[in-house]
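Take a look at the structure below.
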Amino acid sequence: MIRITELTFPVSCRGKDFEDALRQKLGISALHPMTYTIVRRSVDARVHRGSARQKGPAQPHFVYTVDVDCAKEEKVVKRAVKNRLHAQIIQVPAPYQLPDIRKKPDLPPVVVGMGPAGLFCALALAKKGLCPIVIERGQPVEQRRLDTKTFFTSQILDPESNVQFGEGGAGAFSDGKVNTLIKDPSHAGHMVMEEFVKAGAPEEILYDAKPHIGTDRLQTAVKAIRQQIESLGGTIRFSTRLDDLVVTGGRVSGIVVTHQGKQETVDTDALFLAIGHSARDTFSMLVSRHVYMEEKSFAIGVRIEHPRQMIDRDQYKDFAGSPYLGAASYKLAYHTSFGRSLYTFCMCPGGYVIASASEPDSVVTNGMSNYARDAENSNSALLVGITPEDYASYRKAGGVLSGCYFQRDLEQAAFRLGGSTYAAPIQTVGDLLAGKASTAASLGDVRPSFTGKVTPSDLTQILPDYVTRSLREGLPYFGTKIHGFDRPDAILTGVESRSSSPVRIVRDSLTGQASILEGCPSGLYPMGEGAGYAGGITSAAIDGLKMAELYLKTLQ
C-alpha cells in the first residue's frame, strides 16, 4: 500500500477527474491496475493559483492523504518521489477488534443512557451476544424531536425529553461534529465512523478533517444504530429513569428504575453509566451511594452569531458559496491580560442557537446545524475556562456537585433576565463593548436565530465579571482575525453553561470501574461526557467502546 500525503487538487476535482489527476501525478496510465482510498481531506483556504499558467481567479484547494493499492508499488513510489510527491509504502493498520469471550455472564449488562457513549457501548456488547438492557430516561429520537419542537415553539418543557435527555444524547441536537483530537491507537474511532456511515451518515466523514453529520442526518443514524442493537438481542427501555443503585458488599447487584410512575428493580452485576453532563439528579444519587467523584474544570459563556455569508467571505474570499466548500468554520482563542482564556467552541456553520434547558425555570443555549449548513447565520460558543476555585462559594451547599449548583444559578438568572418565560436574553456586541443594555431599537441587521423568544438585555447583569472582561478584551482581537467578528450588531445569547460535565466520576485506570468501597471492584463503569471522560460525539463513542472492551476482557 502506498500512502501519499500533502496532495493538493482544486476543490472541484472529484470522481473520475480526481482519479485521472491522481494517475497523472503518479505517472501511471489508465490501464495500470489501481484502487485508492481517501484517508484525509482538509481545506487549504489560502487562495492560490498552483501554477503561473493557471488563468482566472485564485482558488482554495483540498489537501489530501490518499492510500493507493496498485501494481509495481516500489517503481511507482520512486517515480512519485521524483515528481516531488510525499509517498511511501506503508503497512495497512489492523482494524479495531473487540475481545473474544469464553463465557457469558449470568445477568445481562445494563447500559444507562443512549448518547454516543451508551449507544456504542451497547452496540459492542450486543455484537458479542450479551443482549444488553439499555435504560434511557428520555424518548426515542422521533418523539424527542416533537417534544423539543414543542419547547421551541410553545415554551412547554418536558424535563425528561428535551435537548439534553433522550435517544442520541445532547449531540443529537448539535452540528453533529465527529472529529476528535484524542489519540486513538486502537483505531476505535474508525469503527465509530464506519458504523455511522452504515447507519446513514455521509461517507465523507471517513476522511474529512472536520467531519460533520448534521442534526437531521445524525438523528436518523442514531435510530438505525438502536435498531441494530435490538436486532442483535439488546433490549431498549425508553421513559425509564435510573433512581438508585442496589449495592452488595461494595459491588453493584442491581438498579432501581422508574417507568410510567412505577418503580422496579433490574438485576445486574455490570452497570455502564453514560448519563450525560446534565443528569444532576443522577449525580446526587451517586453521591448518596458513596461513588467517588471529583469536581473538575469546565467553561461558561455565551453564543455569538454572525451572517453565514460574512464568515464564508472572510474564509473563502471570492469562492464563498462554492457548493464544493460549503459553509465556512473557524476556531479562535485569546489569552487575556488577567490570565483567563477566551475561545470559540462547537462552531455551527449555517446553524441555529437553540433552547437547551432540561430543568424548569432555566435558560441554556447550544448550537445546532443541519447537514446542509444553509441557515442564515453561523454561530459558536464564546467560552471562558473556569476551575473549581471559581465556584468554591457553592461548595457548602453542593459539596462535590458545587459546579452543578453554580451552573443552575447562572441558568436561572438567565431565565429571569429574559423575562421568566424561557426567552433568552440577548445583547449586541456593540452594546456589550459600550457597557449598555440592548433594546429592540438597538438591534441591527443580524437577526437572532434562537429557537424560542428573545429579550434584548444586559448580559453583564448575570455573567461573572471575569467573563464580561474576557469578552470585552477578546472580541476586538477576534475582529482582527475574522473581519466583522466584532461588528456592533453581532448577537450574543446567554447563557452557554454546559460545555462539559462539572464532575468526574473517578474510575480505575486498569479496570475502568468506579469505586464504591475503596479498593473493591464495583462493576460500575462510568463513561462519556457525563462521567468527565470525553469531549464530543466521537470521543464519547470511543470511550463507550473502551469500557465495553474492559468488561469483555473479564469474560475471557
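The values are calculated or read from the model by the stated rules, or taken from the named source; none is laboratory data. Small disclaimer: the values here were computed from a predicted structure and weren't measured. As a convention, Cβ positions derive from the backbone with ideal geometry for all residues, glycine included, and neighbour counts pool all protein chains shown. With ligands, DNA and RNA removed, areas are computed over all heavy atoms of the protein, side chains included. Shrake-Rupley method; radii C 1.70, N 1.55, O 1.52, S 1.80 Å.
Where strands (runs of 3 or more DSSP E) sit wholly within the stretch 394-510, those with at least 3 residues that are under 26 Å from Phe151 (Cα atoms) occupy 424-428, 454-456, 491-496. Residues that are over 30 Å from Tyr330 (Cβ atoms) and out of contact with any strand residue (DSSP E or B) (no Cβ under 8 Å at 6 or more places or on another chain) were ranked within the stretch 38-70; the one that is modelled with the highest pLDDT is Lys55. Tallying residues that are without any contact (Cβ under 8 Å) to a residue 60 or more places away in the chain and under 19 Å from Arg102 (Cα atoms) within the stretch 531-556 yields 2. If we scan the stretch 404-427, do we find a residue that is open to solvent by less than 40 Å² (accessible area, probe 1.4 Å) and in contact with an Asp or Glu (Cβ under 7 Å, 6 or more places away or on another chain)? Yes, there is a match, as at least one residue in the stretch 404-427 is open to solvent by less than 40 Å² (accessible area, probe 1.4 Å) and in contact with an Asp or Glu (Cβ under 7 Å, 6 or more places away or on another chain). Of the residues making up the stretch 209-226, those that are under 18 Å from the mean Cα position of the chain (by Cα), more than 25 Å from Gly15 (Cβ to Cβ) and either open to solvent by less than 30 Å² (accessible area, probe 1.4 Å) or among the basic types (Lys, Arg) (or both) number 6. When the stretch 176-201 is limited to residues that are in a loop (DSSP other than H, G, I, E, B) and open to solvent by less than 30 Å² (accessible area, probe 1.4 Å), the one that is farthest from Arg40 (Cα to Cα) turns out to be Ala199.
Once the stretch 307-333 is narrowed to residues that are surrounded by 17 or more Cβ atoms within 10 Å (Cβ to Cβ) and small (Gly, Ala, Ser), the residue that is nearest to the chain's Cα centre (by Cα) is Ser329.
Taking the stretch 341-372 as the range and being touching an Asp or Glu at 6+ places or on another chain (Cβ under 8 Å), more than 25 Å from Ser322 (Cα to Cα) and part of a strand (DSSP E or B) as the test, the residues that pass are Leu342, Thr365, Asn366. Here Phe338 passes the criteria (1) in a strand (DSSP E or B); (2) of a type in the set (Phe, Trp, Tyr); (3) more than 18 Å from the chain's Cα centre (by Cα) except the one numbered (1). Note on the stretch 1-38: residues that are of a type in the set (A, V, I, L, M), part of a strand (DSSP E or B) and exposed (fewer than 15 other Cβ atoms within 10 Å of the Cβ) total 0. Taking each residue of the stretch 65-86 that is in contact (Cβ under 8 Å) with a residue 40 or more places away in the chain and looking for partners that are open to solvent by 90 Å² or more (accessible area, probe 1.4 Å) with beta-carbon atoms closer than 7 Å, six or more apart or interchain, yields Thr65/Arg40; Val77/Gln88; His86/Glu6.
Taken over the stretch 258-306, residues that are assigned to a strand (DSSP E or B) and open to solvent by less than 30 Å² (accessible area, probe 1.4 Å) amount to 15.
Inside the stretch 235-257, can you point out the residues that are assigned to a strand (DSSP E or B) and not aliphatic (A, V, I, L, M)? Listed by number, the residues that qualify are Thr235, Arg237, Thr240, Arg241, Asp243, Asp244, Thr248, Arg251, Ser253, Gly254.
Pull out all pairs, ordered by first then second residue, where Cβ-Cβ is under 6 Å, the residues are six or more apart or on different chains, the first lies in the stretch 317-343 and is over 21 Å from Lys210 (Cβ atoms) and touching a residue at least 12 places away in the same chain (Cβ under 8 Å), and the second is assigned to a loop (DSSP other than H, G, I, E, B) and open to solvent by 50 Å² or more (accessible area, probe 1.4 Å). Within 6 Å, the pairs are Asp318/Pro57. Per this entry, Leu206 is counted among residues that are buried (at least 18 other Cβ atoms within 10 Å of the Cβ) and among the aliphatic types (A, V, I, L, M).
Residues that are under 31 Å from the mean Cα position of the chain (by Cα), among the aliphatic types (A, V, I, L, M) and open to solvent by 20 Å² or more (accessible area, probe 1.4 Å) within the stretch 227-257 comprise Leu232, Ile236, Val256, listed in sequence order.
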